Amino acid sequence: MASGSSSPFSRSRSRSIPSSPPLVKCFHDEITPLRAVKFHGPIRGKRFYGCPYWPRMCGYFKWEDEVDEVKELQFMLFEKDTTISEWQYEKECLEESVKKLKEKNSKLEDDVNELALENAVKFESMESVKADKKLVFAMLLSWIFFAVVLLIK
Ligand SMILES: [Zn+2]
């Protein structure tokens, strides 16, 4: 397996992977150096992590490709975590904009109510102006009527 580029999880991500050379630690917390199989045979040259005290004091042993698999899994887990937190972030953003829209909406409602109230007041005052005019007109009519009555006499 080619490392890195073949992983389906590395595409379109600009974020850097926390990719220090894998620190493989053995059972007694010793950093195990990468070694190669020295004895003759089909696996000669195959690389592995082994405790410096292996095999006498510590039985820790891991093939390099196994560690790569572990790394891959850890990376996938990391990606998953990141995706989840991205989703959470997006969700929070959406909730925030919903909240803002709601606020805006209620403000608009307030404005509409205010406008309606204002209009009602205006309408009322217009009505009262009309009523005043009617009253003046009626008074004028009665004066004219009075004058006409006086003239006829
Ligand atoms: Zn060890």
(message) Yes or no: segment 65-79 includes at least one residue that is within 16 Å of the ligand (Cβ to nearest atom) and in contact with an Asp or Glu (Cβ under 6 Å, 6 or more places away or on another chain).
(response) no
(request) Report yes if some residue within segment 140-153 is more than 30 Å from residue 30 (Cα to Cα), among the charged types (D, E, K, R), loosely packed, with under 10 Cβ neighbours inside 10 Å and free of Cβ contacts under 8 Å to residues at least 12 places away in the same chain; otherwise report no. (result) yes
(request) Could you tell me which numbered condition residue 62 fails, if it satisfies all but one of (1) modelled with pLDDT of 85 or more; (2) among the basic types (Lys, Arg); (3) more than 16 Å from the ligand (Cβ to nearest atom)? (result) (3)
(message) Conditions first: (1) at pLDDT 75 or above; (2) more than 10 Å from the ligand (Cβ to nearest atom); (3) in contact with a Gly (Cβ under 9 Å, 6 or more places away or on another chain). Residue 19 passes all but one, so which condition is the exception?
(response) (1)
(message) For segment 28-53, give me the residue count where each residue is in a loop (DSSP other than H, G, I, E, B), surrounded by 10 or more Cβ atoms within 10 Å (Cβ to Cβ) and near the ligand (Cβ under 10 Å from one of its atoms).
(response) 6
(request) Could you figure out which of (1) modelled with pLDDT of 85 or more; (2) surrounded by fewer than 10 Cβ atoms within 10 Å (Cβ to Cβ) isn't true of residue 56? (result) (1)
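The values are calculated or read from the model by the stated rules, or taken from the named source; none is laboratory data. What you are looking at is a predicted structure, and each value in this text was computed from that prediction instead of being measured. A quick note on method: Cβ atoms are made from the backbone with ideal geometry, for glycine too, and the neighbour counts reach across all protein chains shown.
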